[in-house]
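The values are calculated or read from the model by the stated rules, or taken from the named source; none is laboratory data. None of the values given here were measured: they were computed from a predicted structure. No Cβ is skipped: glycine too gets one built from the backbone with ideal geometry, and neighbour counts run over all protein chains shown. Accessible surface areas use protein heavy atoms only, side chains included; no ligands, DNA or RNA. Shrake-Rupley method; radii C 1.70, N 1.55, O 1.52, S 1.80 Å.
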Amino acid sequence: GDQVEQSPSALSLHEGTGSALRCNFTTTMRAVQWFQQNSRGSLINLFYLASGTKENGRLKSTFNSKESYSTLHIRDAQLEDSGTYFCALNTGYQNFYFGKGTSLTVIP
Amino acid sequence: GGIITQTPKFLIGQEGQKLTLKCQQNFNHDTMYWYRQDSGKGLRLIYYSITENDLQKGDLSEGYDASREKKSSFSLTVTSAQKNEMAVFLCASKTGYNYAEQFFGPGTRLTVL
(Lines give C-alpha, C1' and ligand atoms only; values in the text may rest on other atoms or scores of the structure.)
Protein backbone atom coordinates (compact mmCIF):
# COMPACT_ATOMS: atom_id res chain seq x y z
CA GLY A 1 0.00 0.00 0.00
CA ASP A 2 0.91 3.65 -0.17
CA GLN A 3 3.45 4.87 2.32
CA VAL A 4 2.05 8.39 2.30
CA GLU A 5 -1.61 9.30 2.58
CA GLN A 6 -2.69 12.89 2.15
CA SER A 7 -5.99 14.33 3.30
CA PRO A 8 -8.22 15.85 2.28
CA SER A 9 -7.85 15.19 -1.45
CA ALA A 10 -9.59 18.50 -2.21
CA LEU A 11 -10.41 21.57 -0.18
CA SER A 12 -12.15 24.90 -0.79
CA LEU A 13 -11.49 27.89 1.44
CA HIS A 14 -12.89 31.38 1.42
CA GLU A 15 -10.32 34.15 1.40
CA GLY A 16 -9.23 35.02 4.90
CA THR A 17 -10.02 31.63 6.40
CA GLY A 18 -7.66 28.77 7.21
CA SER A 19 -7.36 25.03 7.43
CA ALA A 20 -4.94 22.16 7.93
CA LEU A 21 -3.67 19.60 5.43
CA ARG A 22 -2.39 16.32 6.70
CA CYS A 23 0.02 13.58 5.67
CA ASN A 24 -0.07 10.22 7.39
CA PHE A 25 2.89 7.86 7.03
CA THR A 26 3.02 4.08 7.28
CA THR A 27 6.80 3.73 7.28
CA THR A 28 9.82 5.12 9.10
CA MET A 29 9.83 8.88 9.05
CA ARG A 30 13.13 10.73 8.86
CA ALA A 31 11.92 14.00 7.43
CA VAL A 32 9.13 15.47 5.37
CA GLN A 33 9.06 18.06 2.63
CA TRP A 34 6.02 20.13 1.64
CA PHE A 35 5.50 21.67 -1.81
CA GLN A 36 2.96 23.84 -3.52
CA GLN A 37 2.37 23.11 -7.21
CA ASN A 38 1.08 26.25 -8.86
CA SER A 39 -1.07 26.69 -11.95
CA ARG A 40 2.02 26.61 -14.20
CA GLY A 41 2.96 23.23 -12.76
CA SER A 42 6.04 24.42 -10.89
CA LEU A 43 6.82 22.79 -7.54
CA ILE A 44 7.61 25.42 -4.93
CA ASN A 45 9.44 24.37 -1.78
CA LEU A 46 7.51 25.30 1.34
CA PHE A 47 9.11 23.40 4.22
CA TYR A 48 11.59 20.66 4.96
CA LEU A 49 11.53 19.42 8.53
CA ALA A 50 12.86 16.49 10.51
CA SER A 51 11.21 17.45 13.80
CA GLY A 52 9.07 20.04 15.51
CA THR A 53 7.45 23.01 13.84
CA LYS A 54 8.43 25.56 11.21
CA GLU A 55 6.58 28.71 10.30
CA ASN A 56 6.82 31.02 7.32
CA GLY A 57 4.33 33.85 7.02
CA ARG A 58 0.82 32.42 6.86
CA LEU A 59 2.06 28.83 6.66
CA LYS A 60 3.11 26.52 9.46
CA SER A 61 4.16 22.89 9.36
CA THR A 62 4.51 20.35 12.12
CA PHE A 63 6.21 16.95 12.19
CA ASN A 64 5.06 14.28 14.63
CA SER A 65 7.33 11.23 14.33
CA LYS A 66 5.73 9.50 17.31
CA GLU A 67 2.30 9.40 15.67
CA SER A 68 3.63 9.28 12.08
CA TYR A 69 2.09 12.38 10.55
CA SER A 70 2.83 15.88 9.40
CA THR A 71 0.49 18.82 8.96
CA LEU A 72 0.53 22.02 6.92
CA HIS A 73 -1.56 24.84 8.35
CA ILE A 74 -2.69 27.71 6.15
CA ARG A 75 -4.17 30.80 7.75
CA ASP A 76 -5.71 33.90 6.18
CA ALA A 77 -5.89 32.15 2.81
CA GLN A 78 -5.25 34.28 -0.29
CA LEU A 79 -6.15 33.61 -3.92
CA GLU A 80 -2.50 32.89 -4.77
CA ASP A 81 -2.54 29.99 -2.28
CA SER A 82 -4.66 28.00 -4.74
CA GLY A 83 -2.90 24.98 -6.18
CA THR A 84 -2.01 21.44 -5.24
CA TYR A 85 -0.04 20.75 -2.07
CA PHE A 86 2.19 17.70 -1.88
CA CYS A 87 4.04 16.17 1.00
CA ALA A 88 7.03 13.92 0.40
CA LEU A 89 8.35 11.52 3.01
CA ASN A 90 12.13 11.39 3.15
CA THR A 91 13.01 7.90 4.39
CA GLY A 92 16.70 7.71 3.58
CA TYR A 93 19.32 10.08 2.25
CA GLN A 94 18.06 9.68 -1.31
CA ASN A 95 14.51 8.36 -1.04
CA PHE A 96 11.37 10.48 -1.22
CA TYR A 97 7.82 9.13 -1.40
CA PHE A 98 5.11 11.52 -2.51
CA GLY A 99 1.49 11.68 -1.47
CA LYS A 100 -1.21 12.17 -4.09
CA GLY A 101 -1.74 15.79 -3.15
CA THR A 102 -4.43 18.09 -1.80
CA SER A 103 -6.06 20.37 -4.35
CA LEU A 104 -6.78 23.72 -2.71
CA THR A 105 -9.15 26.30 -4.19
CA VAL A 106 -9.37 29.69 -2.52
CA ILE A 107 -12.68 31.40 -3.22
CA PRO A 108 -13.00 35.20 -3.28
CA GLY B 1 21.14 29.55 -4.61
CA GLY B 2 20.86 27.80 -7.90
CA ILE B 3 18.55 26.79 -10.66
CA ILE B 4 17.41 23.67 -12.48
CA THR B 5 16.66 23.94 -16.19
CA GLN B 6 14.83 21.36 -18.25
CA THR B 7 14.74 21.13 -22.02
CA PRO B 8 12.59 21.07 -23.97
CA LYS B 9 9.66 22.65 -22.20
CA PHE B 10 7.19 20.88 -24.51
CA LEU B 11 7.90 17.67 -26.40
CA ILE B 12 5.61 16.15 -29.00
CA GLY B 13 6.48 12.76 -30.39
CA GLN B 14 5.12 9.94 -32.48
CA GLU B 15 4.28 6.46 -31.27
CA GLY B 16 7.37 4.25 -31.12
CA GLN B 17 9.76 7.18 -31.25
CA LYS B 18 12.78 7.48 -28.95
CA LEU B 19 12.66 10.80 -27.12
CA THR B 20 15.26 12.44 -24.89
CA LEU B 21 14.70 14.94 -22.11
CA LYS B 22 17.53 16.92 -20.53
CA CYS B 23 18.09 18.44 -17.10
CA GLN B 24 20.87 20.73 -15.88
CA GLN B 25 21.49 22.04 -12.35
CA ASN B 26 24.00 24.58 -11.04
CA PHE B 27 23.52 23.87 -7.33
CA ASN B 28 26.53 21.52 -7.46
CA HIS B 29 24.22 18.85 -6.03
CA ASP B 30 25.31 15.22 -5.99
CA THR B 31 21.93 13.54 -6.41
CA MET B 32 19.55 14.05 -9.30
CA TYR B 33 16.10 12.58 -9.96
CA TRP B 34 13.56 12.05 -12.73
CA TYR B 35 9.88 11.84 -11.80
CA ARG B 36 6.78 11.38 -13.91
CA GLN B 37 3.54 13.15 -13.05
CA ASP B 38 0.33 12.15 -14.78
CA SER B 39 -2.52 14.63 -14.92
CA GLY B 40 -4.04 15.18 -11.50
CA LYS B 41 -1.76 12.64 -9.88
CA GLY B 42 1.28 12.57 -7.61
CA LEU B 43 4.92 12.09 -8.57
CA ARG B 44 6.43 8.69 -9.32
CA LEU B 45 10.15 8.05 -9.41
CA ILE B 46 11.66 6.85 -12.68
CA TYR B 47 15.43 7.02 -12.03
CA TYR B 48 17.85 8.73 -9.73
CA SER B 49 21.61 9.15 -9.65
CA ILE B 50 23.85 9.81 -6.65
CA THR B 51 26.94 10.77 -8.62
CA GLU B 52 28.33 11.02 -12.14
CA ASN B 53 27.82 7.76 -14.08
CA ASP B 54 25.64 6.28 -11.33
CA LEU B 55 22.06 5.14 -12.06
CA GLN B 56 19.41 3.77 -9.69
CA LYS B 57 16.03 2.52 -10.86
CA GLY B 58 12.80 3.81 -9.39
CA ASP B 59 9.39 2.15 -9.42
CA LEU B 60 8.64 3.36 -12.95
CA SER B 61 11.90 2.66 -14.80
CA GLU B 62 10.49 0.23 -17.38
CA GLY B 63 10.37 1.93 -20.77
CA TYR B 64 13.00 4.51 -19.84
CA ASP B 65 16.77 4.87 -19.89
CA ALA B 66 18.79 7.51 -18.09
CA SER B 67 22.28 8.91 -18.30
CA ARG B 68 24.30 11.01 -15.83
CA GLU B 69 26.95 12.40 -18.13
CA LYS B 70 28.40 14.77 -15.58
CA LYS B 71 27.55 16.05 -12.14
CA SER B 72 25.45 18.92 -13.44
CA SER B 73 23.38 17.04 -16.01
CA PHE B 74 20.96 14.12 -16.06
CA SER B 75 19.15 12.91 -19.19
CA LEU B 76 16.09 10.72 -19.55
CA THR B 77 15.19 8.75 -22.67
CA VAL B 78 11.74 7.41 -23.43
CA THR B 79 12.77 4.31 -25.36
CA SER B 80 9.49 3.85 -27.30
CA ALA B 81 6.82 6.48 -26.82
CA GLN B 82 3.32 5.13 -26.27
CA LYS B 83 0.37 6.55 -28.21
CA ASN B 84 -1.89 8.84 -26.15
CA GLU B 85 0.80 9.16 -23.52
CA MET B 86 0.67 12.52 -21.84
CA ALA B 87 2.62 13.39 -18.73
CA VAL B 88 4.93 15.94 -17.17
CA PHE B 89 8.49 14.86 -16.43
CA LEU B 90 10.09 16.61 -13.49
CA CYS B 91 13.79 16.73 -12.69
CA ALA B 92 15.02 17.36 -9.15
CA SER B 93 18.31 17.53 -7.28
CA LYS B 94 19.61 17.57 -3.72
CA THR B 95 22.88 17.41 -1.84
CA GLY B 96 24.32 13.94 -1.34
CA TYR B 97 24.73 11.93 1.81
CA ASN B 98 22.51 13.76 4.23
CA TYR B 99 18.86 14.55 4.89
CA ALA B 100 18.09 17.62 2.85
CA GLU B 101 15.39 19.08 0.66
CA GLN B 102 14.89 18.44 -3.04
CA PHE B 103 14.70 21.25 -5.57
CA PHE B 104 12.67 20.87 -8.76
CA GLY B 105 12.92 22.09 -12.31
CA PRO B 106 9.93 23.49 -14.23
CA GLY B 107 9.16 20.24 -16.07
CA THR B 108 8.88 18.90 -19.62
CA ARG B 109 5.37 18.25 -20.88
CA LEU B 110 5.22 15.21 -23.19
CA THR B 111 2.48 14.50 -25.70
CA VAL B 112 2.54 11.43 -27.94
CA LEU B 113 0.38 11.49 -31.05
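Of a type outside the set (Phe, Trp, Tyr) and within 14 Å of chain A (Cβ to nearest Cβ), is that true of residue B:42?
Considered against the rule, which asks whether it is of a type outside the set (Phe, Trp, Tyr) and within 14 Å of chain A (Cβ to nearest Cβ), residue B:42 comes out as yes.
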- Sort out which residues of segment B:67-113 are open to solvent by 20 Å² or more (accessible area, probe 1.4 Å), facing another protein chain (nearest Cβ under 8 Å) and among the polar types (S, T, N, Q), and write them in order of number. B:98
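Got at least one residue in segment B:38-48 being touching a residue at least 12 places away in the same chain (Cβ under 8 Å), among the aromatic types (Phe, Trp, Tyr) and over 26 Å from residue A:100 (Cβ atoms)?
First, the residues of segment B:38-48 that are touching a residue at least 12 places away in the same chain (Cβ under 8 Å): B:38-39, B:43-48.
Right, trim to among the aromatic types (Phe, Trp, Tyr) and you get B:47-48.
Narrowing the set further to residues that are over 26 Å from residue A:100 (Cβ atoms) leaves none.
Scanning segment B:38-48, I find no residue that is touching a residue at least 12 places away in the same chain (Cβ under 8 Å), among the aromatic types (Phe, Trp, Tyr) and over 26 Å from residue A:100 (Cβ atoms), so the answer is no.
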- Note on the structure: Listed by range, strands (runs of 3 or more DSSP E) wholly within segment B:26-113 having at least 1 residues that are more than 22 Å from residue A:40 (Cα to Cα) are B:31-37, B:43-49, B:64-70, B:73-78, B:86-94
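Filtering segment A:22-42 down to residues that are at the interface with another protein chain (Cβ under 9 Å from one of its Cβ atoms) and farther than 13 Å from residue A:83 by Cα, which residue is most open to solvent (accessible area, probe 1.4 Å)? Spell out the reasoning first.
Just the residues of segment A:22-42 that are at the interface with another protein chain (Cβ under 9 Å from one of its Cβ atoms), to begin with: A:30-31, A:33, A:35, A:37, A:40-42.
When the remaining residues are screened for being farther than 13 Å from residue A:83 by Cα, the result is A:30-31, A:33.
On the way: A:30: 122, A:31: 0, A:33: 0 Å².
Across segment A:22-42, the extreme among qualifying residues is A:30.
Yes or no, residue by residue, for (1) touching a residue at least 12 places away in the same chain (Cβ under 8 Å); (2) within 20 Å of residue B:102 (Cβ to Cβ); (3) hydrophobic (A, V, I, L, M, F, W, C); (4) away from chain B (no Cβ under 14 Å):
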{"position": "A:44", "(1), (2), (3), (4)": "no, yes, yes, no"}
{"position": "A:51", "(1), (2), (3), (4)": "yes, yes, no, no"}
{"position": "A:66", "(1), (2), (3), (4)": "no, no, no, yes"}
{"position": "A:73", "(1), (2), (3), (4)": "yes, no, no, yes"}
{"position": "A:77", "(1), (2), (3), (4)": "yes, no, yes, yes"}
{"position": "A:86", "(1), (2), (3), (4)": "yes, yes, yes, no"}
{"position": "A:95", "(1), (2), (3), (4)": "no, yes, no, no"}
{"position": "A:100", "(1), (2), (3), (4)": "yes, yes, no, no"}
{"position": "A:103", "(1), (2), (3), (4)": "yes, no, no, no"}
